[in-house]
Amino acid sequence: DSGVTQTPKHLITATGQRVTLRCSPRSGDLSVYWYQQSLDQGLQFLIQYYNGEERAKGNILERFSAQQFPDLHSELNLSSLELGDSALYFCASSQGLVNEQFFGPGTRLTVL
Amino acid sequence: GIQVEQSPPDLILQEGANSTLRCNFSDSVNNLQWFHQNPWGQLINLFYIPSGTKQNGRLSATTVATERYSLLYISSSQTTDSGVYFCAAGRDGATNKLIFGTGTLLAVQP
């Protein structure tokens, strides 16, 4: 158990819908990262927050957004879902900006 | 940005055999991690090793930062070692985002 929690574990929804994925980092970690794992794109960095502020953006679609709250948990919002958004979404956390990252169990999203 | 390449892409071993997985990266890094993704999809941290050598039981890793590669050694493999092994590197001290390789799929047969 990495100490990073993610909910829900599985999510099945329809095209055009909106979903929210939730992540709680390890105790004491200030950085939260979101990654997407799909069959065609592999594991890709989406976005990072550090102590509530957006720190870096990767290959994140405009339909996707995220935020980190004062208690340091983070949410990833995916809207206008398409079939190609089906993937495993991981949250990771680290203590600071240059530290080992620990990954949560992931949320498996299926868009039908 | 930095590119990460892993080899071999696939590996089949008999239980008890040893193996070496390689990770090449295209630029200097300040973060290098090895992960094992088990059949249930969980990413398990194996090593945080931007440089040097570490050992943890039957697993060890070495990163030669000046030559831009890292090696993961698995000795006396067990069926529970099966899964995908990922190397991930980061070089931006301001963000620490990880760039993942495409992984090595390991199957250990009894």
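Taking the listed residues A:LYS57, A:LYS9, the one that is touching a strand residue (DSSP E or B) at 6+ places or on another chain (Cβ under 6 Å), closer than 25 Å to A:SER80 by Cα and of a type in the set (D, E, K, R) is A:LYS57, with no other qualifying. The residues in the stretch A:8-33 that are within 14 Å of another protein chain (Cβ to nearest Cβ), under 12 Å from A:SER94 (Cα atoms) and either outside any strand (DSSP E or B) or not aliphatic (A, V, I, L, M) (or both) can be counted, and the count is 6. Given the criteria at pLDDT 95 or above, over 17 Å from A:PHE45 (Cβ atoms) and within 12 Å of the chain's Cα centre (by Cα), does B:PHE35 qualify? When the stated conditions are applied, B:PHE35 does not pass them. Scanning the stretch A:40-58 for residues that are under 14 Å from B:GLY90 (Cα atoms) and facing another protein chain (nearest Cβ under 7 Å), we see that the one that is surrounded by the most Cβ atoms within 10 Å (Cβ to Cβ) is A:GLN48. In the stretch B:54-73, the residues that are within 10 Å of B:ARG22 (Cβ to Cβ) form Cβ pairs under 6 Å with partners that are aliphatic (A, V, I, L, M), at six or more places apart or across chains, as follows: B:SER70/B:LEU32; B:LEU72/B:LEU21; B:LEU72/B:ALA61. The residue pairs whose first member lies in the stretch A:26-45 and is small (Gly, Ala, Ser), whose second member is not in a strand (DSSP E or B), and whose beta carbons are closer than 6 Å, counting only pairs six or more residues apart or on different chains, are A:GLY42/B:THR102. Output yes when any residue across the stretch B:1-15 is acidic (Asp, Glu), under 13 Å from the mean Cα position of the chain (by Cα) and surrounded by 13 or more Cβ atoms within 10 Å (Cβ to Cβ), and no when none is. Yes, because at least one residue in the stretch B:1-15 is acidic (Asp, Glu), under 13 Å from the mean Cα position of the chain (by Cα) and surrounded by 13 or more Cβ atoms within 10 Å (Cβ to Cβ).
Strands (runs of 3 or more DSSP E) fully within the stretch B:68-110 that include at least 1 residues being within 11 Å of another protein chain (Cβ to nearest Cβ): B:83-90.
Looking across the stretch B:36-52, the residues that are free of Cβ contacts under 8 Å to residues at least 12 places away in the same chain and in a strand (DSSP E or B) come down to B:ILE44, B:GLY52. Looking only at the stretch B:1-32, residues that are among the β-branched types (Val, Ile, Thr) and modelled with pLDDT of 95 or more come to 3 in all. The residues of the stretch A:59-112 that are exposed (fewer than 15 other Cβ atoms within 10 Å of the Cβ), part of a loop (DSSP other than H, G, I, E, B) and either away from every other protein chain (no Cβ under 14 Å) or acidic (Asp, Glu) (or both), listed by number, are A:LEU61, A:GLU62, A:ARG63, A:PHE69, A:PRO70, A:ASP71, A:SER80, A:GLU82, A:LEU112.
Based on what the data block shows, is A:GLN36 surrounded by fewer than 20 Cβ atoms within 10 Å (Cβ to Cβ) and under 24 Å from A:HIS10 (Cβ atoms)?
Details: surrounded by fewer than 20 Cβ atoms within 10 Å (Cβ to Cβ): no; under 24 Å from A:HIS10 (Cβ atoms): yes.
Criteria not met by A:GLN36.
Return yes or no: is B:ASN56 in contact with a Phe, Trp or Tyr (Cβ under 9 Å, 6 or more places away or on another chain), surrounded by fewer than 17 Cβ atoms within 10 Å (Cβ to Cβ) and over 23 Å from B:GLN14 (Cβ atoms)? Here the answer is no, as B:ASN56 does not meet what is asked. Comparison of B:GLN6, B:GLN33 shows that the only residue that is touching a Ser or Thr at 6+ places or on another chain (Cβ under 9 Å), within 27 Å of A:ARG108 (Cα to Cα), assigned to a strand (DSSP E or B) and in contact (Cβ under 8 Å) with a residue 60 or more places away in the chain is B:GLN6.
The values are calculated or read from the model by the stated rules, or taken from the named source; none is laboratory data. Everything quoted here is computed from the prediction, not taken from an experiment. Backbone-built Cβ (ideal geometry, glycine too); neighbour counts: all protein chains shown.
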